[in-house]
Structure formats: structure tokens, C-alpha cells
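*Asks:* Shown below is the structure under consideration.
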Amino acid sequence: MQARKIYNATDYLAYFQKELNQREVFQHFPKIYVYFQELSETFLAVFNKKYENLFVQWAKLLAIDAQLQILLELCNHGKDDLVTDLGLTEEEIIAKIRKEHRFFYREITGLKVTQKPKVGLIYMSEE
């Protein structure tokens, strides 16, 4: 999804909703659906809240985005493969995403988890 096609936070979240719906994830994994709803609600709340420090807001949005990205990637193969391929329950999948999202941007930029991240906005979600 390109930034020029995103007009607001709802448009951004709708992309994830559409992709996960097409893969029938929500229909077969109710706990993952609830998790997605929680992420979406939190994203909207953070997006719409006025922060004294914009960097705090960005960090929170990036942390939620990392979780959405990981969820989408794990569900890449659709409903049939999710739990079987991963060998995890829905609860374990959610726990894994919550734990590993902190290093998501480091990993997609080619850094190892053990490496110190560079200074950059994309790394602000690391706790």
C-alpha cells in the first residue's frame, strides 16, 4: 500500500482488515480477530490523540504497525496453514507477535536483533 493512497488512519487499517478477511483468518481464528480489533482500536486512539511530544505518538503507532505487519506476514498463507505451519495456538501466535514486534523494523532493515539500531524514526517503537 502506497502512502499516497492513504487518506486517514481508517484507510490504513482497512488494508489489513481486507487482507486478513480475504485469507479468511477472522472467520477461523476468533482470538486473532479480537487481537486485530484491539490493535485497530488502539491505533485509532493513538492517532487521534494530541500528544505533547509527536515522537511519543510515532513510537506508539510504529509499535502497533509492527504487530499488524507481523500478523499479516504470519497469515500470508491463509487460514489452512496458520496454526498448523507455525505449530502454535492462537494465544501463542498473539504472544509471539507481542514479544517480537520490538525488533521488527530492525530485522526488515537488515540488522540483527543483537545489533544496536541506527538512529532513525523507524526504530522508535523499540522498547
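*Asks:* Rounding to the nearest 20 debye, state how big the charge dipole of the chain is about its Cα centre with +1 on each Lys and Arg Cβ and -1 on each Asp and Glu Cβ.
*Replies:* 580
*Asks:* With angles folded into 0 to 90 degrees, how steeply does helix 90-100 sit against the dominant principal axis of the chain? Use alpha carbons for both and round to 10.
*Replies:* 20
*Asks:* Rg and Dmax of the range 3-123 over Cα atoms: what are they, in angstrom?
*Replies:* When restricted to the Cα atoms of the range 3-123, Rg and Dmax are 15.0, 45 Å.
*Asks:* For the cross-link pairs LYS31/LYS96; LYS60/LYS112; LYS5/LYS60; LYS18/LYS50; LYS18/LYS60, which exceed 25 Å when the distance is taken from alpha carbon to alpha carbon?
*Replies:* From the list (LYS31/LYS96; LYS60/LYS112; LYS5/LYS60; LYS18/LYS50; LYS18/LYS60), the Cα-Cα distance tops 25 Å for LYS18/LYS50.
*Asks:* So how tilted is helix 9-22 from the main axis of the chain? Cα-based, degrees 0 to 90, rounded to 10.
*Replies:* Result, in degrees: 20.
*Asks:* Next up: Tell me the angle of helix 30-48 to the major Cα principal axis of the chain, expressed in degrees between 0 and 90 and rounded to the nearest ten.
*Replies:* 20
*Asks:* Loop only by DSSP, 11 or fewer other Cβ within 10 Å of the Cβ. Give me the GluC sites (Glu not before Pro) in the range 7-70 that pass, ordered by residue number.
*Replies:* Here the GluC sites (Glu not before Pro) that fit, given the DSSP loop and packing criteria, are GLU52.
*Asks:* Computed FRET efficiency, Cβ-Cβ of ASN53 and ASP85, R0 25 Å: what is it to the nearest 0.05?
*Replies:* Between ASN53 and ASP85 the formula returns 0.05.
*Asks:* Once the other residues with Cβ under 11 Å from the Cβ of ARG106 are scored (Lys, Arg +1; Asp, Glu -1), what is the net sum?
*Replies:* Surrounding charge for ARG106 is +1.
*Asks:* Round to the nearest 0.05 the FRET efficiency obtained for LYS99 and LEU121 when R0 = 25 Å and r is the Cβ-Cβ distance.
*Replies:* For R0 = 25 Å, the calculated efficiency reads 0.65.
*Asks:* According to the Kirkwood expression over distinct Cα-Cα pairs, how big is the hydrodynamic radius of the range 25-86, in Å?
*Replies:* 12.8
*Asks:* Among all the aspartates and glutamates, which ones have a C-alpha under 15 Å from LYS49's C-alpha, if same-chain residues fewer than 8 places away are not counted?
*Replies:* GLU41
Coordinate-derived values only; no laboratory data. Quick caveat: nothing in here was measured; it's all calculated off a predicted structure. Cβ: placed from backbone, ideal geometry, glycine included. Neighbour counts: every protein chain shown.
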